[in-house]
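First up is the structure itself, then whatever we jot down about it.
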Amino acid sequence: MAVESKGRSLEVTPTWAVAVVCFVLVLVSILIEHAIHLLGKWLTKRNKKALYEALEKIKQELMLLGFISLMLTVLQDHISAICLTEAIGATWHPCNKKKVKNVDDNDHGRRRRLLSVHSDHDETTVRRVLASTSYDKCAAKDKVPFVSAYGIHQLHILIFAIAVFHVLYCVITLALGRTKMRKWKAWEMETRTSDYEFSNDPQRFRFARETSFGRRHLNSWSHYPFLLWIVCFFRQFFGSVPKVDYLTLRHGFIIAHLAPQSHTNFNFQNYIKRSLEKDFKVVVGISHAIWFFAILFLLSHTNGWKSYLWLPFVPLFIILLVGTKLQVNIAKMGLRIQERGEVVKGTPLVQPGDDLFWFNRPRLVLHLIHFVLFQNAFQLAFLAWTVYEFGLKSCFHDKLYDIIIRITMGWDPP
């Protein structure tokens with residue numbers, strides 16, 4: 001009867017080896033904690049309250065990740081001890097059964113050669129290797145484990161990769177967004193010049209369609225929803241936030257929330273930057289719904305579903321839809337100006353409203369962007385995990401275009 005072999009236990013392991021491993025783990029943990037603490041102090045000193053709250057959110061996610069890791073470690077043997085019939089265990093595989101069988105045959109051949117090498121040295125070693133590779137509680141019952149211990153170990157690495165890639169992707173997106181907003185600083189400084197005061201004289205009367213904002217949005221096609229959506233779809237690829245829209249939205253925000261005399265002192269660009277940092281706290285977290293979507297993503301990687309041909313394109317479709325909707329909202333604000341009268345006084349006054357958004361919920365756009373960020377991070381994390389665990393050429397991406405699609409779609413930030 002074969003005796004289960006789980007490897008060398010701590011009672012026969014050198015204490016110096018155990019001490020070295022513990023020392024490295026503790027040292028790395030202390031360094032990471034100290035780095036996070038210093039970053040938090042720096043953000044507090046720079047008065048970056050929103051980013052500091054985002055950092056606290058990341059710490060919470062790391063704690064949740066550690067708890068998941070602990071549960072997987074503690075329950076690993078119990079989960080792998082759950083047995084299923086071979087018929088149930090043969091359903092919904094991520095890879096083609098024939099390809100997996102060929103891989104298993106190759107592994108079995110390598111295992112036999114490994115045993116033959118050991119047999120040349122020590123008969124006791126042969127028995128130990130044979131026991132560790134052939135013993136299976138479920139196999140003795142002609143069944144398969146619910147998830148093997150090694151499979152749980154691989155799942156542990158995948159969850160860690162998803163969390164890390166999600167945080168990194170959000171940080172990179174924030175950096176790109178702030179870089180793009182730097183050119184708005186020059187537009188903001190322009191509002192304090194005499195030329196801007198002259199061109200936007202509040203006592204000046206003009207036709208709405210003759211203003212810069214009107215020439216951009218008040219055209220013959222603007223009154224037809226179908227043509228409006230088509231034009232706005234292509235417009236998002238050529239300067240999503242042009243100067244005229246920025247200055248008009250700035251003016252509308254000041255009139256709605258501040259005194260009209262504040263237009264020369266208020267820094268709208270800094271306000272948008274702070275809003276971006278505040279929204280970053282939302283998107284960097286992995287909510288309950290996002291974890292649920294992660295489970296659905298894993299479920300979709302089933303052989304025959306061809307998820308690599310449609311799943312990576314879901315975030316692309318969503319972000320294009322959101323970009324088009326935002327462009328349509330600006331155009332509708334221009335149409336509302338014309339509906340109030342053909343003649344405007346001073347700068348055209350736009351009036352944003354919740355009714356411009358889907359279901360009167362502006363934050364729905366933020367949630368969609370959050371979903372897109374996570375989905376893109378998931379694609380990159382899944383690709384990195386499969387390459388790390390199974391190699392570049394595996395059943396998870398046996399076609400070259402699968403890898404190309406995942407990389408190109410995954411590196412397409414909002």
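The numbers here are math on the coordinates, done by the rules we state, and not lab data. Quick caveat: nothing in here was measured; it's all calculated off a predicted structure. A quick note on method: Cβ atoms are made from the backbone with ideal geometry, for glycine too, and the neighbour counts reach across all protein chains shown.
Over all directions, how big on average is the projection of the convex hull of the alpha-carbon atoms in the stretch 208-367, in square nanometres?
Taking a quarter of the hull surface, the average projection is 11.9 nm².
What nm value, rounded to one decimal, do you get for the distance between Ser275 and Asp142 when each label is placed 7 Å out toward the C-beta?
6.7 nm
Taking 7 Å along the Cα-to-C-beta vector as the label spot, tell me the Arg340-Leu400 distance in nanometres, rounded to one decimal.
About 5.8 nm separates the two model spin labels.
Using the 10 angstrom Cβ neighbour count as an exposure proxy, how do Asp142, Asp245, Asp77 rank, fewest first?
Going from sparsest to densest Cβ surroundings: Asp142, Asp77, Asp245.
Picking from Thr211, Val284, His367, whose Cα lies most toward the positive end of the charge dipole for the stretch 151-410 (charges on Cβ: Lys, Arg +1; Asp, Glu -1)?
Thr211
For the stretch 151-410, give the magnitude of the charge dipole about the Cα centre (Cβ charges: +1 Lys/Arg, -1 Asp/Glu; no others), in debye to the nearest 20.
Dipole of the stretch 151-410, to the nearest 20 debye: 340 debye.
Long-range amide H contacts for Cys83: which residues qualify at under 5 Å (H placed 1.01 Å from N, peptide plane, sequence gap of 5 or more or a different chain)?
Sorted by chain and number, the residues that satisfy this are Phe146.
Translational D (Stokes-Einstein, µm²/s) of the stretch 137-176 at 25 °C and 0.890 mPa s when Rh comes from the Kirkwood sum over C-alpha pairs?
This corresponds to a translational diffusion coefficient of 195 µm²/s.
Quick one: if the Förster radius is 45 Å, what FRET efficiency do Leu349 and Ser300 give, using the C-beta to C-beta distance and rounding to 0.05?
Working from the Cβ atoms, E equals 0.40.
List the pairs from Lys278/Lys332; Lys243/Lys281; Lys49/Lys243; Lys59/Lys180; Lys45/Lys278; Lys59/Lys325 whose alpha-carbon separation is above 24 Å, in the order I gave them.
Pairs exceeding the cut-off: Lys278/Lys332; Lys243/Lys281; Lys49/Lys243; Lys59/Lys180; Lys59/Lys325.
Pull out the extension gain between Asn219 and Glu197, defined as 0.36 nm times the separation in residues minus the alpha carbon to alpha carbon distance; nm, one decimal.
Once the chain is fully extended between Asn219 and Glu197, it gains 5.2 nm.
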